[in-house]
Amino acid sequence: MKRTSNILIVAALAGGAFLASCGNKGPHHRNPGKIYAPDMYESRAYEFYSARLASMKPVEGTVKRGAMLPYHLKAEDTAQANLGRNPLVLDKAGLDEGKRLYDIYCGVCHGQKLDGNGPLYKGGDGPYPAAPPAFLTGKVLGYTEGRIFHVITYGFNVMGSYASQLDIEQRWKVVGYIKNMQNGGKAPEAPATAAPVADSATAAAPVVAAAK
């Protein structure tokens, strides 16, 4: 009789413990206490941005999404550069951005009025002894869009390259602003349709470019 009572007590305790484990209590009441795929549940940390990987250059020829294609002409390819045309058709916002970039990077030498009398020359009183070329008079007035872009990209004589300061689209915007000022400074109307740019180094279908 006593033995039977002990068995019943043990059975009751075991049953209570089982029912308690199945109770609807606590935030993890449905957690069975076992991980089905431990290698996925507790994955090892992966340091992607390591010093070695972060210093690696992009694959040669990689183009950032939304960016224009690279400029393939070399510094000595001046004859081919003279044939280049601006692949952007700039509306007023694009020309305003071109002016802003010109004032920052070009105006210090060539003058904000494009007259070659920037702060570095200052009518002969500045630190630079020779007057930089003016864009509204002289030989530069006859430069093509491609020629101006090529000079901005590689530099010319004492002028250095600005390819590291201005990306391809920004350089074309500066070119567009300069040519617009040479043509009287009247901003053209944006075309009704736009076509994608095939290559920044060759003539292409125009696209509208507004300031970023």
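For this structure, a couple of remarks:
- Residue selected from segment 75-90 under the condition within 13 Å of W172 (Cα to Cα) and not aliphatic (A, V, I, L, M), by the criterion surrounded by the fewest Cβ atoms within 10 Å (Cβ to Cβ): R85
- Residue in segment 113-122 that is at positive phi and either touching a residue at least 12 places away in the same chain (Cβ under 8 Å) or among the β-branched types (V, I, T) (or both) present: yes
- Residue match in segment 182-202 (condition: surrounded by 14 or more Cβ atoms within 10 Å (Cβ to Cβ) and at pLDDT 90 or above): yes
- Summed over segment 98-141, the residues that are within 14 Å of M181 (Cβ to Cβ) and in a helix (DSSP H, G or I) give a count of 10.
- Among the residues making up segment 60-74, those that are open to solvent by less than 50 Å² (accessible area, probe 1.4 Å) and among the hydrophobic types (A, V, I, L, M, F, W, C) are A67, M68, L73.
- Scope segment 95-120; condition among the small types (G, A, S) and modelled with pLDDT under 95; matching residues: G107, G111, G116, G118
Condition check ((1) under 21 Å from K99 (Cβ atoms); (2) open to solvent by 20 Å² or more (accessible area, probe 1.4 Å)) across all residues:
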{"residue": "Y121", "(1), (2)": "yes, yes"}
{"residue": "L141", "(1), (2)": "yes, yes"}
{"residue": "Y154", "(1), (2)": "no, yes"}
{"residue": "L166", "(1), (2)": "yes, no"}
{"residue": "K173", "(1), (2)": "yes, no"}
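- Matching residues, segment 107-119, being farther than 16 Å from E145 by Cα and either surrounded by 19 or more Cβ atoms within 10 Å (Cβ to Cβ) or of a type in the set (D, E) (or both): C109, H110, G111, D115, G116, N117, G118
- Of residues in segment 123-136 being modelled with pLDDT of 90 or more and open to solvent by 60 Å² or more (accessible area, probe 1.4 Å), the one farthest from K74 (Cα to Cα): L136
The values are calculated or read from the model by the stated rules, or taken from the named source; none is laboratory data. Note that the coordinates shown come from a computational prediction; the quantities given were computed from them, not determined experimentally. Reconstructed Cβ throughout: ideal geometry from the backbone, glycine too, with neighbour counts over all protein chains shown. Side chains included, ligands, DNA and RNA excluded: accessible areas come from the protein's heavy atoms. Shrake-Rupley method; radii C 1.70, N 1.55, O 1.52, S 1.80 Å.
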